[in-house]
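Undergrad: A single structure is presented below for examination.
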Amino acid sequence: PYVAKHADKLCVVRSMTSNFSEHTTANYFLHTGFGQVGRPSMGSWFNYGLGTANQNLPGFIVLNGGLIPPGGLGCFSNGFLPAAYQASIFKYGTK
């Protein structure tokens, strides 16, 4: 109900381009900034660089509706960073 107050600050991206010719590599690039498997995701880098305000909660989470994205779960991977920086994946809509 309060979105209208902030609508002037929103940005909607309806299309994008990439130098990659297929969805798997392009999606991996979107999440990691690199086109090859083995690099940390953006969430892992943020968690690594900024830390966490609460050690009892995951550094970052992924809300997943049950589908694995093109690029696989590596899109949310910690890559070469320690395992503590990997995403916690939550499947919403289940009990």
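The values are calculated or read from the model by the stated rules, or taken from the named source; none is laboratory data. As the structure is a computational prediction, the values presented were derived from the model and not from experiment. Virtual Cβ from ideal backbone geometry, glycine too; neighbours counted across all protein chains shown.
Undergrad: For the stretch 77-94, does any single residue satisfy the condition of being free of Cβ contacts under 8 Å to residues at least 24 places away in the same chain and either in contact with a Phe, Trp or Tyr (Cβ under 8 Å, 6 or more places away or on another chain) or in a helix (DSSP H, G or I) (or both)?
TA: yes
Undergrad: Within the set of pairs 6+ apart or on separate chains, which have a first residue in the stretch 64-76 that is within 17 Å of Gly38 (Cβ to Cβ), a second that is part of a loop (DSSP other than H, G, I, E, B), and C-beta atoms under 7 Å apart?
TA: Gly74/Val37; Cys75/Ser41; Cys75/Pro69; Phe76/Ser41; Phe76/Ala87
Conditions (1) charged (D, E, K, R); (2) surrounded by 10 or more Cβ atoms within 10 Å (Cβ to Cβ); (3) at positive phi; (4) not in a loop (DSSP other than H, G, I, E, B), marked per residue:
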site: Ala26; (1), (2), (3), (4): no, yes, no, yes
site: Arg39; (1), (2), (3), (4): yes, yes, no, no
site: Ala53; (1), (2), (3), (4): no, no, no, no
site: Leu57; (1), (2), (3), (4): no, yes, no, no
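Undergrad: What pairs can you find where one residue is in the stretch 49-61 and farther than 15 Å from Ala83 by Cα, the other is among the hydroxyl-bearing types (Ser, Thr, Tyr), and their Cβ atoms are less than 6 Å apart, with a gap of 6+ or different chains?
TA: none
Undergrad: Right, something else. Can you tell me which residue in the stretch 28-37 is surrounded by the most Cβ atoms within 10 Å (Cβ to Cβ), limited to those that are in a loop (DSSP other than H, G, I, E, B) and without any contact (Cβ under 8 Å) to a residue 24 or more places away in the chain?
TA: Step by step, filter the stretch 28-37, then rank; the result is Gly35.
Undergrad: Further question: Give the residue, chosen from Tyr48, Tyr2, Tyr85, Tyr92, that is in contact with a strand residue (DSSP E or B) (Cβ under 6 Å, 6 or more places away or on another chain) and not polar (S, T, N, Q).
TA: Selected residue: Tyr92, the only one of Tyr48, Tyr2, Tyr85, Tyr92 that is in contact with a strand residue (DSSP E or B) (Cβ under 6 Å, 6 or more places away or on another chain) and not polar (S, T, N, Q).
Yes/no matrix, rows are residues, columns are (1) at pLDDT 85 or above; (2) among the aromatic types (Phe, Trp, Tyr):
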| position | (1), (2) |
| --- | --- |
| Tyr28 | yes, yes |
| Gly38 | yes, no |
| Met42 | yes, no |
| Phe80 | yes, yes |
| Gly93 | no, no |
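Undergrad: Just to check your reading of the model, which residue among Phe80, Phe46 is of a type in the set (A, V, I, L, M, F, W, C) and surrounded by 12 or more Cβ atoms within 10 Å (Cβ to Cβ)?
TA: Just one listed residue meets the conditions, Phe46.
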